[in-house]
Structure formats: structure tokens, C-alpha cells
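First, the structure itself, so that you have it in front of you.
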Amino acid sequence: MDKTYSPKNFEERIYKLWEENECFSATPNPSKKPYTIVIPPPNITGQLHMGHALNQTYQDILIRFRRMQGYEALWLPGTDHASIATEARVVEQLKREGVQKEELGREGFLSRVWDWKKEYGDRITKQIRKLGSSCDWSRERFTLDEGCNRAVEKVFFDLYEKGKIYRGLRIVNWCPSCKTSISDIESEYEDEDGFFWHISYPLAGGGGSIEIATTRPETLLGDSAVAVHPDDERYKHLVGKTVTLPLTGREIPVIADEYVDKDFGTGAVKITPAHDPNDYEVGLRHDLPFHFMMNEDGTISDECGGKYAGLDRYEARKAIVADLESEGLLVKVMPHKHSVGHCQRCNATVEPLASKQWFVKMKELATPAIDKVKDGSIKFVPERFTHSYLNWMENVRDWCISRQLWWGHRIPAFYCDDCGEITVDISHSDAVKCRKCGGATHQDEDTLDTWFSSALWPFSTLGWPEETNDFKYFYPTATLVTAADIIFFWVARMIFSALEYTGEIPFDTVMLNGIVRDEHGKKMSKSAGNGVDPLQVIDKYGADALRLMLLTGNSPGNDIRWREEKITAARNFANKLWNASRYVLMNLPADFVAEINPDKLAVEDKWVLTKLGDTCDSVTLQLERFELGIAAGKVVDFVWEVLCDWYIELTKVREDKQTALSVLLCALEGGLKLLHPFMPFITEEIYRNLPQRSDDILMKEPWATKNNLLYYPKEAADFEKVAQLIKKLRTLKQEKNIAGKLSVEIETNDVTLFVTSLPFFYQLAATEHATVTTAVSDKQGKTAVITEHATAFLLVDTAEEAARLRKELAIVQKDVAFLTAKLNNAGFVAKAPAAQVDKEREKLNAANEKLSKLLRQSETLS
RNA sequence: GGAAGUUUAGCUCAGCUGGGAGAGCGUCAGUCCUACAAACUGAGGGUCAUAGGUUCGAACCCUAUAACUUCCACCA
């Protein structure tokens, strides 16, 4: 083994080893319990970022842990076709060639996207491998593959038959840049400084005017009415009258509607039913005409644009404001902060637009999805995310699922050329006939929201709608690990889809990972240029160090701040383990066979084995509770503090090398097993270098448990006492600035224990001529006297020693007073649990004992 | 407007069901001891945001306040 930890030398080789030995593959096995995770499919347009790294690390830990525990563990990987993002990417590519997608036609364009997918689609999964992710790559899926398409079409068909999918004219968020509708959650609102334009609408036939206020003056071209509150005294007399719409000359009515807020703006609102969600509702209530004043690309329509037709929406705004001003109808312009929706994908300002789209009726689907979370069948970790899930589900609005894009699952709806009837057909026959009149049909040009196929991911990837063996065995899946920002996009939709189609929950636990922020706590983003590239980090420090860094000091759902110091600390631990393993190997002959005879075990052997057993318990418990950071911390502590700082040092002075080395090897192997889910590469590499292990694979080994180990709590506690005294001596030596060795006299009731432990005092605390007695005898030259209960002291400078003793006495007396007061408190004794009272009583006894020893020592001194 | 989260050592953060406050890094002091200076040994450092309350007992539970962060809704 190399002298320092150099992950580059083995990570790739180890990953290949696992793949060649099919360590990641899972098959239905009736004698085992399944444990399934489906990957949140990354976009094929994506590049690995820290968010993936964190998410992948969590999943890989869980899956490796369960695999070692004996579950048939399946981690099913795949990628997302990401319709809007991918289509935009290819359109951009074509643009550079000077080609419009329309010129290629649907088929031509799609073949270009598939080419693109072939070239870049597996970039992200290649990158994921570098993290050590143990996905069953033989089962890799794609949200736009044939199986997913079958599932999508079946769902669409059934939902349509059940009346849960409908097509209708509704206000949707329209992105004029992507030229498609987007769903509510795909538009992101941001406060922007804008203006409030007050415009005067003259009454038809003269005799005054009514003043309205708007943030989007250009939309007046599509106005159908002016609305006021029915109780508004200022305008009551105008209701029912007609005003002349400026710049168009069109006459529109003044209507009364409760929707209007009397106290906002002027109390009078222009109503544009085709271009505003509230106005749409008002328009329906009052049976107003819909005037479409804007085209798909954000330009002003011919229909009501007049001289502004063809202008871009913002140019039109300028022109209209200027014209209003010159006509004297612009009353005033006020600065106004308001939130503006932007397309999640391209950041263009979205326009609310009335449009014929396909929707999923959400109310009924939401009910069971709410119940299954409320009754605990599906749990969120951490729990607090349950609230936002339920809050969203309980107020969910119908889901707009159609997109005016080509890259995606095409909507299997056919319109009759004769009667216009809709026929949903998933037979893929050449000529679908109208189900009503039998006439020829043409298929809907639109595709489905990417999330429609993602919603089926946990079961479509296992073969559904076929009742495959995989589906029967691996479904429902166990844990879903994802980021909180896609609870609505994805998690919620998987839950209601699964319940509707499979009749079962898709997973029982949703574990949320936080996001990785930069060192100032800012979100990492491409535009800010503050992203840290995981691949570069792996290159420099190794994947294991990155993984450990992402875990330590973090609890589920909380964000992580990137710091260079954290990754070096993680790397340093890897190096520590590496070197400890080198030490073990240096001392072991290649043909070494570990042999642990309980009769030959020394107290420190029993201590380290017991510590290992305790570590197994707590790591397992914490992993089961999804406290991955705590679990990792426990293993690190065992390896670094117990194994490296203590046990290895102890073995150096042992006489019974065979036993010591056997125990050492056992402790190291145990540590490697417990650490493996967190740091798979280094543990595997070390394991294969251990004697007799060159053909074994650590990731296939059974999980370490206390039951498989010898366990000696009594001796472990004994050894703790020895370790405590050694620490005391070290402190003393530093405080007293003693450079060389010193003699020591140990006072204890357990003479045998300390006599056998004397070599450790020589080795670990630089002492010599130690003697162990049941009572402190007499002053000698430069001798430290230490007792199990009191701190050591030197019998050299009596004055100094007396001062130190007084200080310590004061502390112990305070302890005694505190504990006595507590136990004298009638309330405490009466109401606290008995075990707690006993515990405090024991503490008091110990403190009293320590106090009396200290008192005796100070007598000896004076 | 509604909701959630955070506030603990100089810094970054743990602290699971309430029982005398922890880690890493940094700081200071001392170490080349036959694995490791990417290390070892030790020390110092906190009114657990503030104010009340519940309790025998509060970093932890309740109420209010403040600051920061995030999500949802509305914004003519």
C-alpha cells in the first residue's frame, strides 16, 4: 500500500471490480426481503453538481447498508427526458446552424433530439459512477423509453375514460419564449419594481370618465369591461353604463363584482378575461367576450392590436403609454412593486393566457394522497415537510399537463376531422377512427409535461402496467431520497399516481436532502458562478472524502455550507484510516489467521471489542432513523479515537502478539464494514489487502452486528478507568512541564487491573517505576501519586500542590453541594423517575468519595 | 397575507424521548514516540438570540419579540 492515501490510484479500479462481479445487480429472491430505491432521474441535459452528489451519497449509503444487512437491495437508475430543457437545448443548437425546428418538421426534429440524447444522455450517469453509486445499471431506464411510454399512455387513457383528464379553455401560464404553456409551479414569482399606470376611460356619450390603474397597460387592447365593487358609492351610478376603450374606440360595459377591492388603486379595474386569471373568472361570471390581444410569441395580435399589431409586448407598452399621454388619458404613473412570474426554464416573463389545454382533475386524486400521509403510511424525514406537502395537496389546483413541445410523450388524443369529437386511442394503429362518427382524425400536436412520466417512475420502471416478477417483488419501493424543492413537482404526483394505479403507496419514506450552499451561505448557481464542481473535488480529494464531507455535522433536510476545511478534514480521516491499516498490515504476515480465544483476551481486547459492538448498535440504529451524519460520526469516532488513538498504541507493548493482532484485525474489519456504506472505495481497497481477503469483496460481506462479536461491558468499564488515569497523568505532565519520565504511585482498590495495565502507563504516559497500592504511602522524591478518584499530584512543591488541591477541593465541594441540594429537594425525589434519582445518588457517592480522598491528600501534604 | 426553518465556542455546525453543554476547524502550549506532521498530547474558550411561562429540573416544551433564510398565496 502507498504511504499516503491516493484515491486516484484505486477508485476507478474498485468501481470496475464491483461492476465485473455484478455487485450492484438485484433479482427477485423469495428468501430475502426487498429494499428498493428508485433514483430521482437526473435530466439528460444536466451536469453533475453538488446537489446530485449529496442526493446520491444518501441513497448509496442506504442501499449499501441494506444490501449488507441481507436485503435484496435494488437501486434503480435512469434519466429524465426533461422535455422543455432538452428541446430548448436542441433548438438552440439548430439556431446556430440557422435552422428553425419547424423547417425540420416533427419527425426530423425528434430524430435530432434523439441524436443529441445519444451523444450527451449518458454524461450524467457516467459522472454519477464516479461517486461510487451502486446502481443496478443493467436496469437503467429513461422517462421516454418504450416502457415508460406504455405506462404513460395507459394512465392517460384510463384517466380520460374516468373523466379525470379533460381538455378545456383555462388561463395558463404562457412562456412566450419557449412558446408553451407551463404549470403553476413551473412559474417562479419575483418582486420587481414596476409602474402603476392610471388611465382614464371616458364614458360613452361624454359626461365624465372612470379612472383605472394597471401594471400592464398594453392589455387594455383586450379589455371587455371595467369592474367596480357593488358597494362602492363612488361608482354606483356608473354601473351598467358604457365606457369607450381608449385607443380602440371599442365600447365596453361598467360592471359590479365583489372581486374588486375598493381600497386598492382607484377601486376600478379593467377586465381582460383572456389575459388574467381573475379577470377570466369575472369574464365567465358576467359572460364577457374574450379578446386575445397577444400571440404565442408575445407580440400583439392582429385580432385586437390595431396599429400595434405585430409589436413586441414591451414595445407595444411604450407606444400605448405614449399615445395615451398624447391623448390626455394618462392620469398619472406611480412606481409600484409587484411580483412577476418567470419561466423556470428560460426566465422570460410569463403571460397569463386563456388557452385550450389538457388538465388533470386533482380534487379526487388528492384525497387518498392526503390520507396516506396523514395516517403515517408515508413518512417524511424530517417530519416538518409533511406540512408543506399537505398544505399544497389540500389546496391543489388542476394540473395543466399539455405542453406545446415536440420532445416528450405525445398526447394520444385524436380529433375528428368531421365532427370534432375527441378519441383517446393508445392502439398505435395507423388510422384512428372517430369513435362517434367513424371519420378520419388527426392527433393532438402537443406532448405531456415531463413530470407526467416522472410521476409513474416508481412503478413504470419495474414493468407496470405488466404484472412482472420485478414489479411484484420490488414494489412498493422503500425510500425516496430527494430535494425538498421537488416535493410538489414530483413527490406529490408520484403519491397520487401510485395510489390511483397500483393501489399502493409508491414508497414508505421520503427522505429530504438539503442543498449545498457556497461558503457565504448563498445558493450555488451557474449564473452566480459560485458552484463547486464535484468532479474536481473528487479529482483532488477522492470520492470518499467528498461523501464524508457531505455527511458530517449535518442532519436530514438541512442545508450544507461548502467549506474547503471540511473536505480536507474528511480527507485527513481517510488518510488516518489508510495509515492505520498500513500499520496493521506491516505487523501481519501474509498468511496470518486471526484466532480469538476468549480465555486469552486481555482487558483492553475486551474493551475494544465491546466498543466495536456498541458502535455496531448505534450506527445501525442511526442509519435506520436516517440520521446518516450521526451514524458516520459514530464510525469515525470508533476508527479514529478507539482504534487508532488507543488500541493500536496498546498493541505496541503487548506480549501476546497473536491475540493482540487477531483482535486488532477483527476491530479493523469491523470498522471497515461499518464505514463501507459511507466510504465505499477506501474500505474496499483496504479490505482486499488484508490477509486471506484478496478474493473477497467487502460490499458483499454481511453487516457487522454486536451479536457476532464478543461483548464484555464490565471489563470495558474497567479499562475506561485505566484510560482515565493515563489521561490524568498526561495532563499533569504538561501542566507541570515535566519533560522526561517520572515515577508514579497509583492508588486503587483494583490492584490487579492496574498492575497488568502498567505497561500502558510506561508507553502512553511516559512514566517509569510505577507502583500500585491500595493506599498512598509516603512522600518520595519526584513521584506522582494518583488515585482513581482524585487527580494526580506531585510531591515536590508543597505550596504549589496545596494551592492546586484547594482549587480542586472547591470544585468537588461545589459538586457535592449541587447534588446534595438536588437530592434534598423533595420535589425531585418524589417526581423524578426512580432511575434518575439513583443516578444522581451514585454521582453524589462518587463525589463524596473523591472529596474524602482529596481531604486525606491535603492532610498528607500539610 | 399564510406557513416553515434557523439563532449554541472565534468560524462551520451536531446535540435523537427534558436530567450538570459537544465535535471539527482555528487559537495557545508541548511532541519526529519503530502507521500517519494530512499526525500525536494537552489547554483555553459558551448568560445555548431576548423576555416571560410550564416543570422538582429547560438549549430542548409553551407564549411573545427580534434578526436571517425558505416555501405558498395575492398583488387590477
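Residue under question is residue A:352, and the condition is that it be touching a helix residue (DSSP H, G or I) at 6+ places or on another chain (Cβ under 6 Å) and either on the phi < 0 side of the Ramachandran plot or free of Cβ contacts under 8 Å to residues at least 40 places away in the same chain (or both); does it hold?
yes
Residue by residue through segment A:19-33, note down the ones that are within 21 Å of residue A:69 (Cα to Cα) and surrounded by fewer than 21 Cβ atoms within 10 Å (Cβ to Cβ).
A:19, A:21, A:22, A:23, A:25, A:27, A:28, A:29, A:30, A:31, A:32, A:33
Same structure again: Keeping to segment A:314-337, report how many residues are part of a helix (DSSP H, G or I) and either exposed (fewer than 14 other Cβ atoms within 10 Å of the Cβ) or not basic (Lys, Arg) (or both).
12
Let me ask something else about it. Just to be sure before I move on: is residue A:722 under 23 Å from residue A:854 (Cβ atoms), modelled with pLDDT of 85 or more and over 47 Å from the mean Cα position of the chain (by Cα) in the structure I sent?
When the stated conditions are applied, residue A:722 does not pass them.
Let me ask something else. Consider residue A:181 carefully, then state whether it is away from RNA strand B (no atom under 13 Å from the Cβ), assigned to a strand (DSSP E or B) and not charged (D, E, K, R).
yes
Scan A:59, A:69 and give me the residue that is of a type in the set (S, T, N, Q) and open to solvent by 20 Å² or more (accessible area, probe 1.4 Å).
Unique residue meeting the criteria: A:69.
Would you mind stating whether residue A:16 is outside any loop (DSSP other than H, G, I, E, B) and without any contact (Cβ under 8 Å) to a residue 24 or more places away in the chain?
yes
Further question on the same structure: Among the residues of segment A:604-626, write down those that are surrounded by 20 or more Cβ atoms within 10 Å (Cβ to Cβ) and in contact (Cβ under 8 Å) with a residue 60 or more places away in the chain.
If the condition is that a residue be surrounded by 20 or more Cβ atoms within 10 Å (Cβ to Cβ) and in contact (Cβ under 8 Å) with a residue 60 or more places away in the chain, then A:604, A:606, A:607, A:609, A:610, A:611, A:612, A:613, A:616, A:623, A:626 are the ones that fit.
Okay, next question. Looking at segment A:223-235 only, could you name the residues that are more than 12 Å from RNA strand B (Cβ to nearest atom) and either farther than 20 Å from residue A:324 by Cβ or without any contact (Cβ under 8 Å) to a residue 40 or more places away in the chain (or both)?
If the condition is that a residue be more than 12 Å from RNA strand B (Cβ to nearest atom) and either farther than 20 Å from residue A:324 by Cβ or without any contact (Cβ under 8 Å) to a residue 40 or more places away in the chain (or both), then A:230, A:231, A:233, A:234 are the ones that fit.
Residue check: is residue A:292 out of contact with any strand residue (DSSP E or B) (no Cβ under 7 Å at 6 or more places or on another chain) and surrounded by 15 or more Cβ atoms within 10 Å (Cβ to Cβ)?
Spelling it out, residue A:292 is indeed out of contact with any strand residue (DSSP E or B) (no Cβ under 7 Å at 6 or more places or on another chain) and surrounded by 15 or more Cβ atoms within 10 Å (Cβ to Cβ).
Quick check, is residue A:312 free of Cβ contacts under 8 Å to residues at least 24 places away in the same chain, of a type outside the set (Lys, Arg), closer than 30 Å to residue A:164 by Cα and away from RNA strand B (no atom under 15 Å from the Cβ)?
no
Now, a different point. Yes or no: segment A:782-798 includes at least one residue that is open to solvent by less than 50 Å² (accessible area, probe 1.4 Å), modelled with pLDDT under 85 and charged (D, E, K, R).
Checked against the condition, which is being open to solvent by less than 50 Å² (accessible area, probe 1.4 Å), modelled with pLDDT under 85 and charged (D, E, K, R), segment A:782-798 yields at least one hit.
I would also like to ask the following. With the condition kept exactly as written, say whether any residue in segment A:118-141 is over 30 Å from residue A:12 (Cα atoms), open to solvent by less than 30 Å² (accessible area, probe 1.4 Å) and either assigned to a helix (DSSP H, G or I) or out of contact with any Lys or Arg (no Cβ under 9 Å at 6 or more places or on another chain) (or both).
Within segment A:118-141, not a single residue is over 30 Å from residue A:12 (Cα atoms), open to solvent by less than 30 Å² (accessible area, probe 1.4 Å) and either assigned to a helix (DSSP H, G or I) or out of contact with any Lys or Arg (no Cβ under 9 Å at 6 or more places or on another chain) (or both).
I would also like to ask the following. Can you pull out the helices (runs of 4 or more DSSP H) entirely within segment A:671-768 that have at least 1 residues that are of a type in the set (Asp, Glu)?
In segment A:671-768, A:680-689, A:713-735 are the helices (runs of 4 or more DSSP H) which contain 1 or more residues that are of a type in the set (Asp, Glu).
When you check residue A:239 against the structure, is it out of contact with any Gly (no Cβ under 7 Å at 6 or more places or on another chain), closer than 15 Å to residue A:201 by Cα and within 12 Å of RNA strand B (Cβ to nearest atom), yes or no?
Answer is no for this residue.
Next up: Cβ-Cβ below 7 Å, separation at least six or inter-chain, first residue in segment A:246-268 and assigned to a loop (DSSP other than H, G, I, E, B), second within 14 Å of RNA strand B (Cβ to nearest atom) and among the polar types (S, T, N, Q): which pairs?
Going by the 7 Å Cβ cut-off, the qualifying pairs are A:259/A:278.
Pairs please, first residue from segment A:193-222 and closer than 14 Å to residue A:322 by Cα and part of a strand (DSSP E or B), second anywhere and at pLDDT below 95 and among the basic types (Lys, Arg), Cβ atoms under 6 Å, 6+ apart in sequence or on different chains.
A:198/A:332
Given segment A:430-514, what strands (runs of 3 or more DSSP E) lie entirely inside it while holding 3 or more residues that are open to solvent by 10 Å² or more (accessible area, probe 1.4 Å)?
Of the strands (runs of 3 or more DSSP E) lying wholly inside segment A:430-514, those with at least 3 residues that are open to solvent by 10 Å² or more (accessible area, probe 1.4 Å) span A:441-443.
Here's a follow-up. Sort out which residues of segment A:81-108 are open to solvent by less than 40 Å² (accessible area, probe 1.4 Å), closer than 21 Å to residue A:122 by Cβ and outside any loop (DSSP other than H, G, I, E, B), and write them in order of number.
A:83, A:84, A:85, A:86, A:87, A:88, A:90
Of the residues in segment A:541-576, how many are open to solvent by 60 Å² or more (accessible area, probe 1.4 Å) and modelled with pLDDT of 95 or more?
The number of residues fulfilling the criteria is 3.
If a residue must be open to solvent by 50 Å² or more (accessible area, probe 1.4 Å) and of a type in the set (Val, Ile, Thr), how many such residues does segment A:408-429 contain?
Summing the residues that are open to solvent by 50 Å² or more (accessible area, probe 1.4 Å) and of a type in the set (Val, Ile, Thr) in segment A:408-429 gives 1.
Would you point out the residue of segment A:547-557, among those that are in a loop (DSSP other than H, G, I, E, B) and out of contact with any strand residue (DSSP E or B) (no Cβ under 9 Å at 6 or more places or on another chain), that is farthest from RNA strand B (Cβ to nearest atom)?
My answer is A:552.
Being within 8 Å of RNA strand B (Cβ to nearest atom) and open to solvent by 30 Å² or more (accessible area, probe 1.4 Å) is the filter here; which residues of segment A:647-661 pass it?
Passing the criteria: A:649, A:652, A:653.
If you scan segment A:734-759, which residues turn out to be within 53 Å of the chain's Cα centre (by Cα), within 13 Å of RNA strand B (Cβ to nearest atom) and either open to solvent by less than 10 Å² (accessible area, probe 1.4 Å) or not hydrophobic (A, V, I, L, M, F, W, C) (or both)?
A:734, A:735, A:736, A:737, A:759 - these are the residues of segment A:734-759 that are within 53 Å of the chain's Cα centre (by Cα), within 13 Å of RNA strand B (Cβ to nearest atom) and either open to solvent by less than 10 Å² (accessible area, probe 1.4 Å) or not hydrophobic (A, V, I, L, M, F, W, C) (or both).
Now, a different point. Test each condition in (1) more than 16 Å from RNA strand B (Cβ to nearest atom); (2) over 30 Å from residue A:114 (Cβ atoms); (3) surrounded by 14 or more Cβ atoms within 10 Å (Cβ to Cβ) for residue A:405 and report the one that comes out false.
Of everything listed in (1) more than 16 Å from RNA strand B (Cβ to nearest atom); (2) over 30 Å from residue A:114 (Cβ atoms); (3) surrounded by 14 or more Cβ atoms within 10 Å (Cβ to Cβ), residue A:405 misses just condition (2).
The values are calculated or read from the model by the stated rules, or taken from the named source; none is laboratory data. The structure presented is a predicted model; accordingly, all values stated were derived computationally and were not measured. Counting neighbours? That spans all protein chains shown, and the Cβs are built from the backbone with ideal geometry, glycine included. Side chains included, ligands, DNA and RNA excluded: accessible areas come from the protein's heavy atoms. Shrake-Rupley method; radii C 1.70, N 1.55, O 1.52, S 1.80 Å.
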